[in-house]
1. Considering only residues of segment 66-75 that are surrounded by fewer than 17 Cβ atoms within 10 Å (Cβ to Cβ) and modelled with pLDDT under 95, which is nearest to residue 124 (Cα to Cα)?
2. Filter segment 24-47 down to the residues that are open to solvent by 90 Å² or more (accessible area, probe 1.4 Å), within 23 Å of residue 64 (Cβ to Cβ) and either touching a residue at least 12 places away in the same chain (Cβ under 8 Å) or touching a Gly at 6+ places or on another chain (Cβ under 8 Å) (or both) and list them by number.
3. Which of the residues belonging to segment 120-148 are at pLDDT below 95 and at negative phi?
4. Which residue pairs have Cβ atoms under 6 Å apart, sit 6 or more places apart or on different chains, and have a first residue in segment 1-14 that is free of Cβ contacts under 8 Å to residues at least 60 places away in the same chain and a second that is polar (S, T, N, Q) and open to solvent by less than 70 Å² (accessible area, probe 1.4 Å)?
5. Test of understanding: among 77, 59, 104, which residue is free of Cβ contacts under 8 Å to residues at least 24 places away in the same chain and closer than 29 Å to residue 32 by Cβ?
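The values are calculated or read from the model by the stated rules, or taken from the named source; none is laboratory data. Model, not experiment: these values are computed from the prediction. Ideal geometry is used to build each Cβ from the backbone, glycine not excepted, and the neighbour counts take in all protein chains shown. When the accessible area is computed, the model is the full protein with side chains, heavy atoms only, and any ligands, DNA or RNA have been set aside. Shrake-Rupley method; radii C 1.70, N 1.55, O 1.52, S 1.80 Å.
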Amino acid sequence: GGLFPETHRARLIQKLMLTPLGPLLSRLLNARSFARSFSAVFGPQTKPDRDELAVFWQLIAHGGGNLIAYRLMRYVLERRANRERWVGALTACTLPIRLINGALDPVSGAHMVARYRELMANSDVVSLDDIGHYPQVEAPERVYAALREFWRRFGAISPA
């Protein structure tokens, strides 16, 4: 997702979850409010349908997971606090890296890719122009094709 804190465009609910209102908002989170918020980060043509949203909600709410949503948002603060170390590790990495990104992601889409290209020498980016925050869900075949091509280039899988 948002590799760089300076390009992360947090949604309003994410920002509010980091405030003292977070525990209350987590308790108020329900399938309907989740569906509305979650769908907003998908591409316009790749939004999840009602059944998919129900499954995502089940995964989040399992074992009361929705009640700790505010705690999970701490990754935003952790990413800021550890930016130099984490981004430094990424930019210093000598292994091949491919970024597959949904350009329409309002949180970390094309704007984040622009920053990635600034910081990463010889960046290898596959930008899916019509996809949002969850390329692996919105366009799994295209993500797999991009991964397969990357793996083949380095002999990780056979060309057949």
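1. 75
2. 27
3. 120, 121, 123
4. If the second residue must be polar (S, T, N, Q) and open to solvent by less than 70 Å² (accessible area, probe 1.4 Å), the pairs left are 13/37.
5. 59
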